[in-house]
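J.: What follows is a structure written as structure tokens; I'll ask about it next.
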Amino acid sequence: MATDILNDAYDNLVTKLQTISGLRVTSDIRNINPPTVIVQAPEASLDTNGVYRVDFTVQIIGLGYGDRQTLDKLLELVDKIRVERMGLTAAIPTTVTIGQQEFAAYELSIATKIGP
């Protein structure tokens with residue numbers, strides 16, 4: 001029986017993130033309102049037992065280019081996700097360009113396994 005396992009994994013992560021107090025989460029770049037968390041399309045690999053390893057890129061987009069106040073808020077939001085123990089494997093500072101505007105951001109890697 002076919003399942004929509006990747007869509008379900010994506011929706012589950014978005015839902016988990018939305019339950020964290022103080023996070024504004026979207027899955028559509030058109031709806032950002034910094035500070036905002038956006039979940040990108042997942043990457044998946046399949047092992048021999050039919051279990052997927054699904055890797056998500058989650059961007060926390062700050063309000064502004066990157067002054068200390070913006071950094072403090074980004075680090076606070078990274079930590080809110082870390083304490084939820086949802087598979088955070090990396091947090092890397094970056095800059096995100098949306099339209100013509102640059103925003104300070106953190107790019108998180110979140111890994112999970114899903115299977116039959």
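The values are calculated or read from the model by the stated rules, or taken from the named source; none is laboratory data. Because the structure is predicted, anything quoted here is derived from the model rather than measured. All Cβ positions, glycine included, derive from the backbone under ideal geometry; neighbour counts span all protein chains shown.
J.: Does the range 40-51 hold any residues that are surrounded by fewer than 16 Cβ atoms within 10 Å (Cβ to Cβ) and either out of contact with any Lys or Arg (no Cβ under 6 Å at 6 or more places or on another chain) or not in a loop (DSSP other than H, G, I, E, B) (or both), and which are they? Give the derivation first.
T.: Residues of the range 40-51 that are surrounded by fewer than 16 Cβ atoms within 10 Å (Cβ to Cβ), as a first pass: 40-41, 43-51.
Answer for the range 40-51, where residues must be surrounded by fewer than 16 Cβ atoms within 10 Å (Cβ to Cβ) and either out of contact with any Lys or Arg (no Cβ under 6 Å at 6 or more places or on another chain) or not in a loop (DSSP other than H, G, I, E, B) (or both): Gln40, Ala41, Glu43, Ala44, Ser45, Leu46, Asp47, Thr48, Asn49, Gly50.
J.: All but one of (1) in contact (Cβ under 8 Å) with a residue 40 or more places away in the chain; (2) of a type outside the set (Ser, Thr, Tyr); (3) part of a strand (DSSP E or B); (4) closer than 18 Å to Pro93 by Cα hold for Leu63; which doesn't?
T.: So Leu63 meets the others, but not (3).
J.: When residues of the range 69-108 are filtered for being farther than 20 Å from Ile32 by Cβ and in contact (Cβ under 8 Å) with a residue 40 or more places away in the chain, how many remain?
T.: Qualifying residue count, the range 69-108: 2.
J.: Is there a residue in the range 6-15 that is assigned to a strand (DSSP E or B) and either modelled with pLDDT of 90 or more or on the phi > 0 side of the Ramachandran plot (or both)? It would help to see each step written out before you state the result.
T.: As a first pass, look at the range 6-15 and keep what is assigned to a strand (DSSP E or B): none.
No, there is no match, as no residue in the range 6-15 is assigned to a strand (DSSP E or B) and either modelled with pLDDT of 90 or more or on the phi > 0 side of the Ramachandran plot (or both).
J.: Has the range 71-80 got any residue that is modelled with pLDDT of 90 or more and on the phi > 0 side of the Ramachandran plot? Steps first, answer last, please.
T.: Initial filter on the range 71-80 (modelled with pLDDT of 90 or more): 71-80.
Okay, now just the ones that are also on the phi > 0 side of the Ramachandran plot, so none.
Within the range 71-80 (the criterion being modelled with pLDDT of 90 or more and on the phi > 0 side of the Ramachandran plot), the answer is no, since none of the residues qualifies.
J.: Just wondering, is there one or more residues in the range 45-59 that are without any contact (Cβ under 8 Å) to a residue 60 or more places away in the chain, in contact with a Ser or Thr (Cβ under 6 Å, 6 or more places away or on another chain) and aliphatic (A, V, I, L, M)? Full working, then the answer.
T.: In the first step, residues of the range 45-59 are kept if they are without any contact (Cβ under 8 Å) to a residue 60 or more places away in the chain; the result is 45-48, 55-59.
Still in the running and in contact with a Ser or Thr (Cβ under 6 Å, 6 or more places away or on another chain): none.
Scanning the range 45-59 turns up no residue that is without any contact (Cβ under 8 Å) to a residue 60 or more places away in the chain, in contact with a Ser or Thr (Cβ under 6 Å, 6 or more places away or on another chain) and aliphatic (A, V, I, L, M).
J.: Another question, then. Give me the pairs, please: first residue somewhere in the range 9-23 and loosely packed, with under 15 Cβ neighbours inside 10 Å, second residue anywhere and not in a loop (DSSP other than H, G, I, E, B), beta-carbon distance under 8 Å, and either six or more positions apart or on two chains.
T.: Taking only residues 6 or more apart or on different chains, the pairs are Gln18/Val25; Ser21/Lys80; Gly22/Glu76; Gly22/Leu77; Gly22/Lys80.
J.: Let me ask something additional. Taking Ile29 as meeting all but one of (1) in contact (Cβ under 8 Å) with a residue 60 or more places away in the chain; (2) among the hydrophobic types (A, V, I, L, M, F, W, C); (3) surrounded by 15 or more Cβ atoms within 10 Å (Cβ to Cβ), write down the number of the exception.
T.: (3)
J.: Among the listed residues Val78, Val37, Val58, Val54, which satisfies the condition of being part of a helix (DSSP H, G or I) and of a type outside the set (Asp, Glu)? If you could, list the steps in order and put the result at the bottom.
T.: Values: Val37 fails: part of a helix (DSSP H, G or I); Val58 fails: part of a helix (DSSP H, G or I); Val54 fails: part of a helix (DSSP H, G or I).
Within the list Val78, Val37, Val58, Val54, the selection yields Val78.
J.: Hey, another quick one. Does Glu102 count as among the charged types (D, E, K, R), in contact with a strand residue (DSSP E or B) (Cβ under 9 Å, 6 or more places away or on another chain) and over 29 Å from Asp4 (Cβ atoms)? Please lay out each step first, then the result.
T.: Working: among the charged types (D, E, K, R): yes; in contact with a strand residue (DSSP E or B) (Cβ under 9 Å, 6 or more places away or on another chain): yes; over 29 Å from Asp4 (Cβ atoms): yes.
Judged against the criteria, Glu102 is a match.
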